[in-house]
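Notes follow once the structure below has been shown.
The values are calculated or read from the model by the stated rules, or taken from the named source; none is laboratory data. No experiment lies behind these values; they were computed from the predicted model shown. For neighbour counting, all protein chains shown are included, and Cβ atoms are generated from backbone atoms with ideal geometry for every residue, glycine included. With ligands, DNA and RNA removed, areas are computed over all heavy atoms of the protein, side chains included. Shrake-Rupley method; radii C 1.70, N 1.55, O 1.52, S 1.80 Å.
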Amino acid sequence: LSKVLFICTANSLDTIPGPLRDRLEIVELSSYTAEEKQHIAEEFLIPKQLKANGLTKSQLRFKKDAVADMIESYTREAGVRSLERLVGAVCRKVVKERIHSTKIVTITKKNITDYLGRRRFKPETINAKDEVGICRGLAWTSVGGCTLSVEVNILKGKGNFKITGNVGKVMEESYNAALSYIRANAEELGVDIDFEHTDVHIHIPEGAVPKDGPSAGITMATAILSAVTNRAVRPDVAMTGEITLRGRVLAIGGLKEKLLAAKAAGATLVFVPADNRADYEELTDEVTTGLCVRFVTHMREVIKEVFEA
C-alpha cells in the first residue's frame, strides 16, 4: 500500500474526526455556478444518461430552459450528482413511453413537471419592500450558499433576550455580541429604549432547519438596530461577517457561494468583510457582475448605507 494513493470526497469537513483530518491532504473545491452546471449537464450528463438508457439525441432532447429549471427548482447541491439522477429519471420515463409511441420527446420548462413532478424548491428572493427589524444575511452550507432572513421584535418586558430558529452555539454568541455592541453604543447609534424593561426576540426562519456558523454577526446587529430605532432596512441589501464587542467585522468563509446566493435572491448591495478582499478578487465576472460589493472593517460602515433615508 506504500505506492497506493487513496482519494475520497466529502461535502463537509466538520464531521471528520480531528485525528483523521490531521493525516489528510485536503483540497477544497468550491461549488459550481448555475452556468457551470448547465454546461456540465449539456456536455456530459445528458449524453452519458442517453447512452446508459439506450436513447439517442434524436429521440430525446433537453431544451436549455428545462435544464436551467432542473438546476434551480429540483436540486439544492454544490455539485451535480442529484442533477445527473434527475436526467436519468427523465430518460427512463421516456424509454417507458417509447414502448407505446416512437415520437420524438423534447423536454422543456413547460412539460418538465410531467416527468419530474412538482417543483421541489422555490427560488429565494429579497423582500419586496423595506421593513423594520428584518435584514437578510448570507450563509454557507454543504450544498452551496443560501440567504437567511433575520427577524427581530421588540416587546415590553423584563429585559429578556432570546433567539429562536434552531440555531447553534456559535450563532447564539454572535447574537449576544451584536446586542452588547448596540447596548454599549446606544447613544451614538440613536437608540432610545430602556433595555431593562424591554424584551428582544430574534428569529431566523425556517425553524426546523438547523443553523450555525460564525458569519451572522453584522446581520443580527443590523436587524436589532433597525428594530430598536424603528428604521427600515433597504430591501436590496444582503450581508455577511462576524462582529466583535467593539464592532469590528471579521472575515468569513464560502464567499463565492454566498455571493451567488445573494445574486440569485435579487440583492444588489452586499456587505463583505474587508479581510475577504483577496478572496473576492479571485472570483469570475459570472459571480460578481450585477453586485455592488462593499468591503467593511467596522459596523459603522454598514450602518451608514444600510438604512432607508
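So here's what we get for this one:
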{"read-out": "Members of the stretch 215-238 that are open to solvent by 10 Å² or more (accessible area, probe 1.4 Å) and touching a Lys or Arg at 6+ places or on another chain (Cβ under 7 Å)", "value": "Pro235"}
{"read-out": "Residues of the stretch 239-296 that turn out to be within 18 Å of Glu35 (Cα to Cα), open to solvent by less than 50 Å² (accessible area, probe 1.4 Å) and either in a loop (DSSP other than H, G, I, E, B) or not charged (D, E, K, R) (or both), as a count", "value": "11"}
{"read-out": "Enumeration of residues in the stretch 1-17 that are aliphatic (A, V, I, L, M) and either loosely packed, with under 10 Cβ neighbours inside 10 Å or on the phi > 0 side of the Ramachandran plot (or both)", "value": "Leu1, Val4, Leu5, Ile7"}
{"read-out": "Strands (runs of 3 or more DSSP E) (entirely within the stretch 129-234) containing at least 3 residues that are under 29 Å from Leu291 (Cβ atoms) and β-branched (Val, Ile, Thr)", "value": "144-156"}
{"read-out": "The stretch 18-28, subset modelled with pLDDT of 90 or more and either assigned to a loop (DSSP other than H, G, I, E, B) or under 23 Å from the mean Cα position of the chain (by Cα) (or both), residue surrounded by the most Cβ atoms within 10 Å (Cβ to Cβ)", "value": "Leu24"}
